[in-house]
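The values are calculated or read from the model by the stated rules, or taken from the named source; none is laboratory data. Everything quoted here is computed from the prediction, not taken from an experiment. Quick reminder, even Gly has a Cβ in these numbers, built from the backbone with ideal geometry, and neighbours come from all protein chains shown.
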Amino acid sequence: MINFTVGPVQSDEETLSIGGTQVPYFRTKEFSNLMFENEAFIKEFFDCPENGKAVFLTGSGTAGMECSVMNFFSDKDKVLVVNGGSFGHRFTELMEIHSIPFTEIHLEYGQELSSEILEQYDAKGYTGMALQLCETSTGVLYDMNMVGNFCRKNNIFLLVDAVSGFMADKLSMNDMHINAAITGSQKALALPPSTSVIVLDENAVQKALSANVKSMYFNMKDYLKNMERGQTPFTPAVQTLIQMNDRLKRIKQSGGIQNQNEIIRKRAEYFRKQLTSFPFRMFVPESYASNCVTAIEITGGPLNAKELFEKIKNEYGIWICPNGGDLAEKVFRVGHIGNISNKEIDLLIQAFKEIYGGK
Ligand SMILES: *Cc1c(COP(=O)(O)O)cnc(C)c1O
């Protein structure tokens, strides 16, 4: 199978070969050193401010989102949540579950977060903001420079879910005034699912240290304290963290995060340029489309999006990425993260040609 979903994505050979080895004991100096390296690379790749920290949490990206909400916000806060799709909606659910006062900025699927929309919330006493870098359900990329400036001006704590956007799109905690950002192992890092990484600036560290969190597993204090000796409070996904170490080192050696941005951007461009001969419309205009994924609206032909997913899976051995909810029949997605070659993209385009008779 060729996998064009947005996670889990295709791993490379090096990652796969580590996956086939025994899991070592981890309360050792050797593993601690590996974790210190992981933290240093992650901080560098997020462009995290000097005294920042990273938390490695066992759980998928949603665990990272929930842990962040529980440790950075409380019932004393007033949080702005951007809901432009299923992951934005997840933040609203988390705020509800944890009784955190919030206002939802509701966007239509595929709508841009404009400065006009954001300005309505200027000087209204908000203390926090939570949104995605890339809203993976539609592929919308939010203008994080604009959001960061807005938050700085209003003294708002900015939490960014960069689970899918990290590596695919530009992300700089320094330049974008981001206090905390999240990613997950099964997106562009192209590792097995299991681990969520939360990167904290000094302000976020202080918040976590003073938070009153009613949870054992999601108490960030313990992770920060343990990370001082390169450890986690509980057994982590040891193998994924070893694979992460190898992957981060290789990213560093091959031109760092800028180079990864460039590879993924070019891959998205290579794919998008070939869509014009099919009854497809890019669901999000290029000007604010994430490099992570292309959402495509079907405008004609015999198949709806669900049927196209099934046909391509069953007859061509390729997974494209279906949409859920209201968009399930109209829209499908093609991911650009993970170990995907242009040759594999050509096979997908060939499948479209056979189905639609394009040139
Ligand atoms: C994948 C993803 C998550 C996490 O989803 P899990 O299924 O919990 O890994 C969170 N936010 C965004 C934007 C994502 O793309």
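Residue by residue, here is whether (1) crowded, with 17+ Cβ neighbours inside 10 Å; (2) more than 16 Å from Met1 (Cβ to Cβ); (3) free of Cβ contacts under 8 Å to residues at least 60 places away in the same chain holds:
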residue	(1), (2), (3)
Phe271	yes, yes, no
Ile320	yes, no, no
Ala328	no, yes, yes
Ile337	yes, yes, no
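Within region 25-80, no residue satisfies the criterion of being within 16 Å of the ligand (Cβ to nearest atom) and free of Cβ contacts under 8 Å to residues at least 24 places away in the same chain. Can you find, within region 227-238, the residue that is farthest from Leu158 (Cα to Cα) among those that are among the aliphatic types (A, V, I, L, M) and away from the ligand (no atom under 16 Å from the Cβ)? It comes out as Val238. From the list Ile2, Ile18, Ile97, the lone residue that is without any contact (Cβ under 8 Å) to a residue 60 or more places away in the chain, over 23 Å from Met144 (Cβ atoms) and of a type in the set (A, V, I, L, M, F, W, C) is Ile97. State all residues of region 243-298 that are over 20 Å from the mean Cα position of the chain (by Cα), modelled with pLDDT of 95 or more and either part of a strand (DSSP E or B) or among the β-branched types (Val, Ile, Thr) (or both); if no residue qualifies, say none. Of everything in region 243-298, those that are over 20 Å from the mean Cα position of the chain (by Cα), modelled with pLDDT of 95 or more and either part of a strand (DSSP E or B) or among the β-branched types (Val, Ile, Thr) (or both) turn out to be Phe280, Arg281, Met282, Glu297, Ile298. If the condition is being outside any helix (DSSP H, G or I) and charged (D, E, K, R), then region 5-39 contributes Asp12, Arg27.
Checked across region 109-122, the condition of being surrounded by fewer than 16 Cβ atoms within 10 Å (Cβ to Cβ), among the charged types (D, E, K, R), under 25 Å from Ser60 (Cβ atoms) and at pLDDT 95 or above holds for no residue.
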